[in-house]
1. Could you pull out the chymotrypsin sites (Phe, Trp or Tyr not before Pro) across segment 79-163 that fall in loop regions by DSSP (anything but H, G, I, E, B) with no more than 13 other Cβ atoms inside 10 Å?
2. State the antiparallel share, in %, of DSSP beta bridges confined to the chain, rounding to the nearest 5.
3. Using alpha-carbon pairs under 8 Å, 6+ residues apart, how would you state the relative contact order of segment 8-284 in percent?
4. Want the number for A60 to Q177: 0.36 nm per residue separation, take away the alpha-carbon distance, what's left?
5. How much of the pair distance distribution for the chain lies past 22 Å, counting alpha-carbon pairs only, in percent?
6. Stretched out fully, how many nm does the piece from R228 to D266 gain, at 0.36 nm a residue minus the Cα gap?
7. Compute the FRET efficiency between V18 and R139 as 1/(1 + (r/R0)^6), taking r as their Cβ-Cβ distance and R0 = 35 Å, and round to the nearest 0.05.
8. Near K220, which lysines are there with a Cα under 16 Å away, not counting those fewer than 8 places off in the same chain?
Amino acid sequence: MSDLSDGITLGVYEKALVSNPLADGDDWRRFLEQVPAAGFSYLDISIDEAPEREARLEWARDRRLMVRRAVESVGTMIGGMCLSVHRRIAPGSADPAMRERARRVMAQGLRLCHDLGIGVLQVAGYYCYYEGPNPDAERHYAQLLADSVPTAARLGVVMGIENVDGTDVTSVRKAMQFVEEVGSPYLQVYPDLGNIAEQELDPGVELAAGRGHMVALHAKDVRVGEPRRVDMGTGIVDWDRSFELLRAQGWAGRMMIEMWNDDAPDSTDRSSRAREFIAEHLTKAGIPVL
């Protein structure tokens, strides 16, 4: 099958794999070798609330070059970066100092994507996760997105808004409101099929809303009230219907399997089994996996 064929590539979340200190090139190579070992084409990394992951935003140039060399030596790729540290450093905070920190994090995240050769920055749809609601939270969140577009455009990194659990950007339809308001190719949506199901939304409505703007997709299983750590195939996601909807759209691109295996010794095997499950359902829907 040629590289120009329609279809998708499957990636894996870094938290599905066994982590390590990631102190040098050998550590990164060993870490990245799990990606092809589990049958995946790429990896999505996370900048989250863990100090060691948040510290990546401050990496020096030599560390960034080292990671790029490790990626090239393994022969895989880093497809996306999840900037979930915005749950704590809240874009919609009532505190101006917190909002300024959120802006700095966004700029650092975009720069790190550029330096590591990552094309997509996933923006979590949380306004101020750990704070009580404030009437301006959505407006502050929207302003950060709009103000980040020029930097994203200069660096050639596309931001994708993820629909999330909770009460903020809980649907692709809501994410698309921000996309349409900003009107830039550098702000798109990154739908999470699991979060659509966890919110008890209709995938037909949600995936139709994102048509033409879905820069990538998350695949994870869930139950209502359980948006994480549900074994693939044991939850409520209607995989066959979701994939049939994507095939009807002619959607092609990247689908990242999101899992949290918590450094289990058999994390690679667990990830591989999840990949086989998703690939089987994609094939059943008539979507080739490249």
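Values in this text are rule-based calculations from the coordinates and carry no lab data. Since the structure is predicted, the reported quantities are computational estimates derived from the model, not experimental observations. A quick note on method: Cβ atoms are made from the backbone with ideal geometry, for glycine too, and the neighbour counts reach across all protein chains shown.
1. Numbers: sites: Y126, Y127, Y129, Y130, Y141; in loops: Y126, Y127, Y129, Y130.
Hits after loop and neighbour filter: Y130.
2. Numbers: 2 of 31 bridges.
Within the chain, antiparallel bridges account for around 5 percent of the total.
3. Details: 537 pairs, mean separation 57.1, N = 277.
It rounds to 21 percent for segment 8-284.
4. Numbers: separation 117, 0.36 × 117 = 42.12 nm, distance 3.64 nm.
Stretched out fully, the A60 to Q177 stretch lengthens by 38.5 nm.
5. Details: 23705 of 41905 pairs.
Result for the distance tail: 57 percent.
6. On the way: separation 38, 0.36 × 38 = 13.68 nm, distance 1.85 nm.
Here the answer is 11.8 nm.
7. Values: r = 41 Å, r/R0 = 1.19.
The value I calculate is 0.25.
8. Here the lysines satisfying the reach criterion relative to K220 are K15.
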